[in-house]
Structures are given as structure tokens and as C-alpha cells.
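Beneath this line is the structure, given in C-alpha cells, with notes to follow.
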Amino acid sequence: MNHGDARVAPAAAGGFAPEAVSLDRVSVAYGGVAALKEVSLDVRPGEMLALLGPSGCGKTSLLRTIAGFVPHTGDVHIGGRRATGIPSHRRNIGMVFQDYALFPHMTIAQNVGFGLRMRKVPRREIDTRVEEAIALVGLRGVEHRLPRQLSGGQQQRVAVARAIVIHPSVLLLDEPLSALDKKLREEMEVELRLLQKRVGITTIFVTHDQEEALAISDRIAVMHEGRVLQLGCPEEIYDAPAHPFVAGFVGKANRLSGTVTDVTGDEVTCELAAGVRVRLATPRAVTRGDRLQFTVRPEKIVLAATGGELDNSVEGKVRTRIYLGMFTELRVQIPSGDELTVVVQNTRPAVIERQVAPGDAVVLAWSPHACRLLE
Amino acid sequence: MSRRAAALLVLPAIAVLAVFVAAMALTGLTSFAADAGRWSVKHYVRLVSDSHYLGYLWRSFRIAAYCTPITLLLGYPVALVMATASSGVRLGLTLLLVVQFFTSYVIRAYALMLVLGNNGVVNRALLALGVVDQPLTLMYNEFGVAVSLVLLPMPFMVFPIYSVLKNVEPNLEAAATSLGADRLRVFWHVTFPLTLPGVVAGVVLVFLFDLTAYIMPGLLGGGYFDMVANVIYDQAMEVRDQSFAAAISMVLLVATLAVLYLTTRWGARYAEPPRE
Amino acid sequence: MKTAGWFAWSVTAVVVVGLVVPLVVVVASSFNPTNELLVPPRGFSLTWYGNIFQRSVFLTSFRFSLLLALGATACSLVMGLLCAVAVVRCRFPGRDLLGAVLMSPLIVPQVVLGMSLLIFLSTIGVVSSLAGLSLLHVILALPYTARVLIAALTRFPVSLEDAAVIHGAHRAKAFTLVTLPAIKPGLVTAALFAFVTSFDNFTSSQFLVWDRTTLPIEIYSYIRTENDPTVAAISTLLILATVAIVVVAERLVGLETVTG
Ligand SMILES: Nc1ncnc2c1ncn2[C@@H]1O[C@H](COP(=O)(O)OP(=O)(O)OP(=O)(O)O)[C@@H](O)[C@H]1O
Ligand SMILES: [Mg+2]
């Protein structure tokens, strides 16, 4: 995947002038319980930013702060204007709620046209813009139905149409896909991404599903306990987690720690317990005797007949084996006592594949560049 | 929303409720008022020492105590049928009970008078069949009042039980059956215990309805069988002894609160899921 | 659940007979040509219906009861709605207490309530007034409207109103455009409870009426004094009205909110 500048540059093709959002040391507390702690965040114009984090970390609170629904300290700017003090209904924000929040007593057309009616747009214009928005989300023909007469996926698209028809400066999506089943969700992810690129609206969407975040966003902000721990493009978040929590939350990671015994160029040798030696490439200077913590992603480790070309090779014993269809997950205990998770692609049918069974001795190998140093 | 907004929102209702609370407090004070602005408990002393007035209190408790179980025995099966029968039967019973619920007690008591009177349908039927040769006295006595106190509060009994019953997990009964319980034992060991919160609610509502009834003894008792509420009215409006009426009122109010307190304490055991 | 057994069905039949027969008897008696309250009637006549209109007390008290009930319904509906918004949406000290106090008029016996209000009103020097009677009826209806509307608003997802706000509606406008239509069943039920509670009230109202009386009070005293089939005729009309209202309510919003 190419994540050059083109992706984060304003995608202002649709004729809108999308503006960015900026948060400056924003804190939110509910009756003494802090939900957001001094969050600062800049959203670039036209980008799709994912807020990713576990339940209760403050994602919804962040969205609702931008929408103006919660009292907060610190500053929020939308499109360069200070938003603090502007009431929600005049912020020109489009929002898709987790439960869609379609008005049950209005038809689809009335739902989509709601924001335009509130803006006193002329009838004629409302009709054409509603028609366009409904066509944009691919729902022609359901205009006169009620929300409950649509499927979950269709309702979600109506909610998106209702939010974008007002030409908002920002689009906020609160777990818009979480109510859908896995297959529909994956389809909608692609559609949402294409739609967002087409209209070019700055979009912030909340998810606790890391695959979803990696798949459709330009950048990801990983949140934990009311703070943004890391902000970066998907590749950075996955391959260069800056924080142990990010490493653990996004994808799986084997965490190891040891003491530096040797430094040669930009490679160091680190000794784990029981004399196991691991070589890793580090971007920062370390000296002999330092204690290091680092991670290795499971898919970066291979089962090797002989350790050689990959520099690191460690013997181990298979503890458990889980067959997952596309790949097989092994847990291997190495002499240092650490248990490493290893993922093996099932390139050949299971009947032909050499079966590794619990108890077997194996050799694990990985490149020094696969190791990520943690703070 | 802010506290100021909340205060503004509740202000009208608070004003009305303040009058209500003040009125109740004033009645409490009145019950202790003696002549010339002095306080005394003489009205209460009079109440407990005069068997005439104590008799009315006792009578109200006694009637409520036996009418309520009869209403329960009649109402529970109705709720059971409503919860299990076809939607047509359910709708029919619901409509009937809601119409009863929304019809004035004066009219419903009057209707019972036309059934139980000397010239009423029951007596005419009995006479026509030759079961009796002169009309039975079915009203203007305890019997008539009791019949009305059993039948009129029926919706108060059926609705709470029905609303619990329709939410009973059907699998529980299926499970009990699969474990070898017969129909009666499934009912007694599974269904009925699960509906106890509804039963308790219905019993409390009906008991208090019976205890404080005014219209039913007034019409079906016809002045020959007053209950405590009628005595309070007479003392306040005919005898014009407001203090004594207030004292009886306080006793009735305290009795009501005691019933509510005891049943919520007792009922709470069933309203909560068992711990274990 | 398995179907109810023969025992439950038989008891239900008994109860249905016990509840339906009196109403049928009232309707039948109202068409009696003679002064007797007989079933089956000795013929068919509308004399007693005519008599309702001869006796001006019934018409005037009916009109009075109707106005009183409409007023009490409107007031208690507005107060109940405002309280429900505060209780469901706001956090403020004394919220639970308010919830309890709102329901408390329900547990005070009707005679006690009527007499207490009489004592209060005469103490402050306001007796025999429309204000006093209206106050009583609002006190009687408020617990019902508050309870029904609190339940309705609790079930209503706030995100719907937020959606209206974020797409450009002022909070108050969002409430009227989105929230009120969505809790319509609750509003209808609450209004129904309030109206019926006020219109049918006899026991506590009799303490506060003066030369203007309500329909239930007229009917009650007529039964205790004259007792001819005129009351049967009035009752028939009121029963029919009740049936009509209940059927319309069932069509409109269902009866689930009444039966619980
Ligand atoms: N109205 C509220 N009152 C009190 N505490 C709240 C309220 N809303 C949220 N919180 C608390 O604030 C914290 C952040 O909540 P928030 O809803 O922002 O989390 P979230 O990341 O959206 O979680 P989820 O993924 O479960 O939706 C949580 O600890 C939550 O319990
Ligand atoms: Mg959330």
C-alpha cells in the first residue's frame, strides 16, 4: 500500500472546501470521572481519520466534543474557526450515529432532507439534493419508505446520506458499521471509503475494530484511557508502534526483553534469559548493559529447518497449535522461558502440509529488522 | 442539561405537589387540634376508646382481608388466559378490562345494583326458576358490598400479574417439563413463583382499594353498611367535626403506608432475582 | 408457555360474566318504557334518554366535568412532560425524591385527599372555587402523566434528538420535531389516564364542589334519591363513549401502555 503524500493531501475534488478539525488540550470529565485527558489532535483537510481504542477509552466522548454535545476544557477549532461557544446545530457537522438514529416517523427522503429543511433551503433545491444524496449511496427507489422497512445496511447508508447532504465541513462516524454482520461490514467499509474519497469530506470515524481502522483510514489515532497515544498512518501504527499499548492493541505482538551485550553498527545483540541471544536493528543509540524491550510480530517469524539466512534463530518447543483456515497459529516456548506466537501461512492443503504437533521441537527465525524497540 | 434548567422544568409540578404536601401536613396538625388553639390527642383517644368507630376500621380491614384473596383467585386465571390464549382472546379480555378500568366506579357500582337488587336479574332468575319464593337480600348489606369489592378492582389485579406473566421465559417451563414435572407442578414450582412480583403488586393495589372504598359501600351498602371512608366523610361534612375526621384519616393513611411498607419489604425478596 | 388449563378458562368465564352482565343490564334497563329497572325490559322506549335532556343538572354538570377534565388533562400533561424531561435527562440533587413525591398522591386514600385539600383551602380562605377543584384534579392526574411520560422518555433514544440537533435543529425544535412524535403513544396514554381520572373522580371531588357539581356527583346523588332509569341511560352513553375511546386508543397506540 502506498501511503505517500497524495493520500493526505486535500481531496477537494468534489467542489467542497473541506476544513480540518483541531483539538488543543481538550479534557472532558463526567461528574469527576475523566473521559478525555488533555487531548490534542489535528485532523488534515480531506483525510479519513480513525479513532481506535478499547471500549471506554473516550472515543465517543471525543466525537461528541467535536459535535458540541459535551462540556469540556481546552479549545476545539473547526475549519479554522473556534468552535467553543457555537451551539451544535450551527456547527455544520454531519454525524452518523452508532444506532443510525434515523427518525422513525419520517420517510427516507424526509430523513435525508432534514438538515436542509433546518437550513431553510428552498423546496426545489432540497428535492434535487436529496435525490442526489440518495443516488450517491445507491439507494434509489426507497425514498418513500420508513426507516424500519429497510435492512441494517440500507439504514446505515441513509444515515450517511443524511449526514453528507448538508455539505458538512466534517463528517463524524461513531462505530457506523458495528451493528452489521462481518460480510456486510467489509462491503460497507469499501463503499464508505470510496464515497469519502469521492466527496472528499474530512472524516473522523470511531472504531474498536483494528482491521477496520487499518483498512479504510488515512491515519489512525490510537486512544487509551482518555489519551491519544499515537497518531500515524496505518503502516506506522502497525509496523512502528511507539507505545507498548499500541503494539499490543493493534495486531498481535510478542514482547521480549533483555540486556545489550554487543553493539556493531546499527545492529545490537541482546541477551534474554538463559543465554538466548537475539540480534536487532535499532534506530537509536544504545550501549552495552542497557535493558531493552522490543516486539516481534508473529507473522514475521518463520519456521526454519536450519536457522541461517535470517540471522536470528532460536530453538523452541511447540506448546499449542490452532488451525485457522488461512493460517495456523503456533505457540512456541523458547529456552528463555518466553512463549512466542508464530503464524504460518497455510500455502498448501492441510493434508499435504507437514503437520507440526504440540511437543515437536522447531527452530524459529526472524530478521533483526523485524524487531521493534519500545520505550 | 444544567441544574437551572431542571429547576425550571420541575417548577410547575413542584408548586402543585407543595400544595398537596401542605394539605396533608395541615390535616395531620388538625387531628391534634383542641379548642382554643391548644394541642391534644383527644381525637385519637376518642377513636380508640369508642368501639363504634373502631368497629368501622375493623370492618374495613376485615372485608379487605377476605375480598382481596378472592379477587386474586379470580384474577390470576384471567391473567394466565390472557398471557397464553390466541391474540383474539387476549385482545377481547384486554378491551373488556380496560373499558372497566376507564368506566366510573359510580356507574359500575350502579350496574351491580341492577344485578343484585330485589328486582335485579339474579333475584328474578331465581324466582322464575322457583329456587326461592321471595327475593333474597343481596345488597344493602355486607354481601353486596363484598361482591362489588371483589369485582370492581379486577383490572388492578389482572394487569400487574399479566405484565409479569407474559415475560416469563417459556423455556423455564419447558425445562421443568423436560425434568418430569407435570402441569400442576410446573405451575406451582416454576410459573407462580416467577410471577410473585406481579401478584404482590396486584394484592397491594386491591387491598388498599378495598380498605379505602367509599362509592361501593355508599351505593351497594346504601347507608346500611358504611366503611371507614364513609365515616370520615360524614364526620367532616355532616357532623362537621374536622379534627375527628382528620384523626381517622391519619389512622387510615398510616395503615395504608404500613401495608405498602411491609409489602415492599416482603415483596422485594421476590422482585429481585434470587442470589445464590 | 403452555395453554391455560380448563380451570383457568372456567374462572375466566365466570369473571367475564361478572364484568359483562352488569353492563348489559344497565344498557337493557335504559330502554325500559316504565319506571322500573327491569331486565329484560318490558318494551323499547327512549323516554329516559329524553329525560337526560329534560333535567338540566345532568347537562350542566356534564359540561362542567368535561371542561374540568380537559383543563386538568392539559395542565397535568404539560407538567408531567416537563418533569419527565428533567427526571430522565438531567442530574440534579433530589431527583429520586422528586420521583417519589410525584407518585405520592396515588397512595393517599381518596377521602383523605379530598378532605385534606378542603382543610387547606379553607385555611387559606379559598373555598367553593373552580381553582380548588382544578387543583385537586391536577394533583390526581399528575402521577399518571408523569409515570407514563417518564417511561416513554426513558425508552426514547437520545441519539435521535442529537441527530436532529447536529443536522441543524435547535434543541427545542428537535424536541418538538423528533422527540414528541416518537413518544406519541405515551402522550396519548397519559392524556387518556389524566382525562378519565379527572372526569370519573367522585370521592375526593365531593369535598370541594359547591353549587356547581360534576357529573359523577350528580349521578351518585340521583341514584341515592330518585333512582329511575335516567341514570341507566346516562350510564349507557358513558359506557359507549368509553368503549369508543378505548377502541380508538387501541387502534392508535395499542393498549400495552395501559396494561403494562
Ligand atoms: N454520560 C456519562 N456519564 C458518566 N460517565 C460517562 C458518560 N459517558 C461516558 N462516560 C465514561 O467516560 C469514559 C469514556 O466513554 P466513551 O463513551 O467516550 O468511551 P468509548 O471509547 O466511546 O467506548 P465504547 O467503545 O464502549 O463506545 C468511560 O469510562 C465511560 O464510562
Ligand atoms: Mg462509544
- Item | Degrees between helix A:152-164 axis and first principal axis of chain A (Cα, 0 to 90, nearest 10) | 70
- Which of A:346, A:126, A:43 sits closest to the plus end of the dipole of chain A, meaning its Cα is farthest towards the positive end, when Lys and Arg get +1 and Asp and Glu get -1 on the C-beta? A:126
- Message: Give me a comma-separated list of calculated 3J(HN,Hα) values for the stretch B:135-143, in order, Karplus coefficients 6.51, -1.76, 1.60 applied at θ = phi - 60°, integers in Hz, x for any Gly or Pro.
- Response: x, 7, 8, 9, 9, 6, 8, 4, 4
- Work out which residues of the stretch A:66-113 lose at minimum 40 square angstrom of accessible surface when the other protein chains are put back, relative to the chain isolated, with a 1.4 angstrom probe, and list them by number. A:69, A:89, A:97, A:103, A:105
- For peptide C:9-17, compute the average count of partner chain beta-carbon atoms within 10 Å of each residue's beta-carbon. 6
- Solvent-accessible area, 1.4 Å probe, carbon plus sulfur percent, for the stretch A:240-316: 50
- Task: First obtain the Kirkwood hydrodynamic radius of chain A from its Cα pairs, then insert it into the Stokes-Einstein equation at 25 °C and 0.890 mPa s, and state the resulting D in µm² per second as a whole number.
- Result: 105
- Relative to the longest principal axis of chain C, what angle (0 to 90°, nearest 10) does the C-alpha long axis of helix C:110-123 take? 70
- Message: When a/c reaches 1.5 or more, the comparison of a/b and b/c decides; with that in mind, is the stretch C:128-228 rounded, prolate or oblate per its Cα gyration tensor?
- Response: prolate
- Note on the structure: In nm², the average projected area of the convex hull spanned by the Cα atoms of the protein assembly as shown is 53.5
- Query: Given +1 on the Cβ of Lys and Arg, -1 on the Cβ of Asp and Glu, and no further charges, what dipole in debye does chain C carry about its Cα centre, rounded to the nearest 20?
  - Reply: 620
- Note on the structure: In terms of the charge dipole of chain A, which places +1 on Lys and Arg and -1 on Asp and Glu at the beta carbon, the residue among A:214, A:85, A:97 farthest towards the positive end is A:85
- Message: Run the reach check for residue C:184 against lysines, Cα to Cα strictly under 22 Å, same-chain hits fewer than 8 apart removed. What comes back?
- Response: C:173
- Message: If the reach is capped at under 15 angstrom between alpha carbons, list the aspartates and glutamates near residue B:42, excluding any in the same chain fewer than eight residues apart.
- Response: B:50, B:241
- Item | Tilt relative to chain A, helix A:182-199 - C-alpha long axis, 0 to 90 degrees, to 10 | 60
- Protection proxy ranking, peptides C:164-176, A:216-228, average beta carbon neighbours within 10 Å, highest first: A:216-228, C:164-176
- Query: Can you give the average number of partner chain beta-carbon atoms within 10 Å of each beta-carbon in peptide B:73-86, as a whole number?
  - Reply: 5
- Task: Can you tell me the order of B:22-35, A:54-67 when each peptide is scored by its average per-residue count of other Cβ atoms within 10 angstrom, highest first?
- Result: A:54-67, B:22-35
- Note on the structure: Mean projected area, convex hull of alpha-carbon positions in the stretch C:50-191, reported to one decimal in nm², is 11.9
- Mean separation of Cα contacts under 8 Å (6+ apart) over length of the stretch B:50-271, as relative contact order %: 27
- Dipole magnitude of chain B about its Cα centre (Cβ charges: Lys, Arg +1; Asp, Glu -1), debye to nearest 20: 580
- Vicinal HN-Hα couplings computed from phi for the stretch C:165-173 (Karplus, 6.51 cos²θ - 1.76 cosθ + 1.60; Hz; Gly/Pro x): 5, 5, 8, x, 8, 4, 3, 5, 5
- Task: Can you tell me what the convex hull of the Cα atoms of the stretch A:255-329 projects to on average, as an area in nm²?
- Result: 6.2
- Check the straight Cα-Cα distances from residue A:252 and name the lysines below 28 Å, setting aside those fewer than 8 residues away within the same chain. A:37, A:59, A:182, A:183, A:300, A:317
- Item | Size of charge dipole - the protein assembly as shown - debye, nearest 20, with Cβ of Lys, Arg +1 and Asp, Glu -1, no other charges | 1080
- Message: Only bridges whose two residues both fall in chain A count here: according to DSSP, what percent of them are antiparallel, nearest 5?
- Response: 75
- Task: Over the whole of B:141-152, what's the average partner chain Cβ count within 10 Å per residue? Rounded to a whole number, please.
- Result: 1
- Message: I'd like the antiparallel share, as a percent to the nearest 5, of DSSP beta bridges with both residues in the protein assembly as shown.
- Response: 75
- Task: Ignoring ligands, DNA and RNA and using a 1.4 Å probe, state the total buried accessible area between B and C in Å², rounded to the nearest 100.
- Result: 7700
- Query: Considering only protein heavy atoms, what per residue accessible area in square angstrom results for the protein assembly as shown with a 1.4 angstrom probe?
  - Reply: 45
- Message: Quick check: at a probe of 1.4 Å, how many percent of the accessible area of the stretch C:56-259 sits on carbon and sulfur atoms?
- Response: 67
- What order, most packed first, do the peptides C:150-157, A:111-118 have when packing is the mean number of other Cβ atoms within 10 Å of each residue? A:111-118, C:150-157
- Query: For the stretch A:257-275 and the stretch A:324-375, what is the separation of their Cα centres, given in Å?
  - Reply: 22
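The values are calculated or read from the model by the stated rules, or taken from the named source; none is laboratory data. Keep in mind that this is a model prediction, so the values were computed, not measured. FYI the Cβ positions are ideal-geometry reconstructions off the backbone, even for glycines, and counts take in every protein chain you see. Accessible surface areas use protein heavy atoms only, side chains included; no ligands, DNA or RNA. Shrake-Rupley method; radii C 1.70, N 1.55, O 1.52, S 1.80 Å.
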